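What follows is calculated from the coordinates using simple rules that are stated; it is not laboratory data. Given the structure is predicted, the values throughout are model-derived calculations rather than measurements. Positions of Cβ are backbone-derived with ideal geometry, glycine not excepted, and every protein chain shown enters the neighbour counts.
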Ligand code: SF4
């Protein structure tokens with residue numbers, strides 16, 4: 001059952017930390033991204049192929065309030081890999097996709113051609129204010145748990161915003177371009193104030209002084225029996241003393257309308273499937289925390305949900321495989337095209353895609369496989 005609450009979440013029992021595996025940097029306070037993976041030797045290299053590495057890239061959380069809950073779509077998350085034309089290194093040689101993340105699955109369901117532009121062609125995309133703010137807020141919420149429980153207060157969290165913004169600009173200088181035309185800093189000040197408001201709203205939804213996350217920004221990767229690799233980054237994993245697992249994801253946009261909740265939960269079920277495959281545990285609860293609207297969306301999955309998502313992903317992957325082989329990537333215009341950076345290359349907008357960089361075979365059933373695919 002899907003539950004959307006507008007009242008604060010108050011966990012009666014603090015959740016206990018759980019050691020993750022394969023994560024040893026030797027530092028006193030580890031800054032490495034946590035990893036749950038079936039293949040530690042290759043996971044961090046492989047993820048660079050699609051996400052730029054386990055660390056959450058800046059300017060990638062496409063929190064689009066207008067798009068939230070749009071039919072047949074999944075809100076793009078922070079694992080989209082984007083760079084700017086001015087600072088991007090030369091594009092690596094194109095290779096066929098080898099794994100699937102919730103973001104890229106959502107891309108294909110939204111528009112197969114968008115998937116191609118992002119995964120095959122790796123066309124550069126500009127950072128956006130909303131996406132970068134999402135990255136900043138995620139960083140603040142993650143770092144707040146470094147403090148002792150009693151010190152995880154809203155003022156302390158808000159005080160982290162300027163420092164995390166500095167770190168973000170340092171690690172990804174291109175985000176500074178967002179405010180290049182703002183010499184007085186007025187727009188930047190408003191933008192930072194909005195980030196602080198989102199951080200503050202979190203405290204009306206959850207109480208971090210009563211939480212001890214088992215993991216934050218956890219990179220997960222699992223291989224299905226078919227060979228399909230699933231991967232993603234989970235914002236927070238809580239583990240109760242009973243061993244029950246709760247997967248939490250923060251959204252800086254607004255909660256979807258109830259009729260679109262399934263689409264929003266697709267990403268969470270994807271993560272639940274990966275955790276189940278890795279740990280043989282069906283997460284007890286999936287929780288989306290919408291900072292933009294002050295809502296919490298929860299779902300308690302059962303095994304049948306995860307099996308259904310797995311079948312869905314296998315069908316999706318087959319469609320992607322066919323399109324990759326044939327080079328037949330169909331545009332699917334929707335209102336989300338307004339957020340697409342690739343209109344100049346899109347036939348729907350009079351553009352021409354770049355030459356397809358992979359070998360192709362004659363198209364057959366690929367066209368049929370690109371019919372509209374929803375999250376369920
Ligand atoms: S503009 Fe629309 S139809 Fe064209 S690639 Fe982007 S999302 Fe797809």
Self-check item: Packing rank of 136-142, 168-174, where each peptide gets the mean count of other beta carbons within 10 Å, highest leading
Solution: 136-142, 168-174
Self-check item: Cα gyration tensor, segment 129-210 - rounded (a/c under 1.5), prolate or oblate
Solution: prolate
Quiz item: What percent does the relative contact order of segment 129-210 come to when contacts are Cα pairs within less than 8 Å and at least six residues apart?
Solution: 45
Practice problem: Could you tell me whether segment 290-357 comes out rounded, prolate or oblate from its Cα gyration tensor? Rule is a ≥ b ≥ c as square roots of the eigenvalues, rounded for a/c under 1.5, then prolate if a/b exceeds b/c, otherwise oblate. | Solution: oblate
Self-check item: Cα-projected label distance for residue 146 with residue 177, points at 7 Å along beta-carbon direction, nm
Solution: 2.9
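Roughly speaking, what is the stretch gain from residue 257 to residue 129, that is 0.36 nm per residue apart minus the C-alpha to C-alpha distance, in nm to one decimal? Intermediate values should be presented prior to the final figure.
Working: separation 128, 0.36 × 128 = 46.08 nm, distance 2.39 nm.
Stretched out fully, the residue 257 to residue 129 stretch lengthens by 43.7 nm.
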Quiz item: From a point 7 Å beyond the Cα of residue 153 in the direction of its Cβ, which residues of segment 198-216 have a backbone N at a distance under 20 Å?
Solution: 198-212
Practice problem: Let me have the relative contact order for segment 255-359, percent, based on Cα pairs under 8 Å that are six or more residues apart. | Solution: 18
Practice problem: Assuming a ≥ b ≥ c are the square roots of the Cα gyration tensor eigenvalues, decide whether segment 176-298 counts as rounded (a/c under 1.5), prolate (otherwise, with a/b larger than b/c) or oblate. | Solution: prolate
Quiz item: Roughly speaking, what is the stretch gain from residue 95 to residue 212, that is 0.36 nm per residue apart minus the C-alpha to C-alpha distance, in nm to one decimal?
Solution: 38.1 nm
Quiz item: Arranged by the count of other C-beta atoms within 10 angstrom, fewest first, what order do 128, 226 take?
Solution: 226, 128
Practice problem: Work out how much length residue 166 to residue 204 would gain on full extension: take 0.36 nm times their residue separation and subtract the Cα-Cα distance, in nm to one decimal. | Solution: 11.0 nm
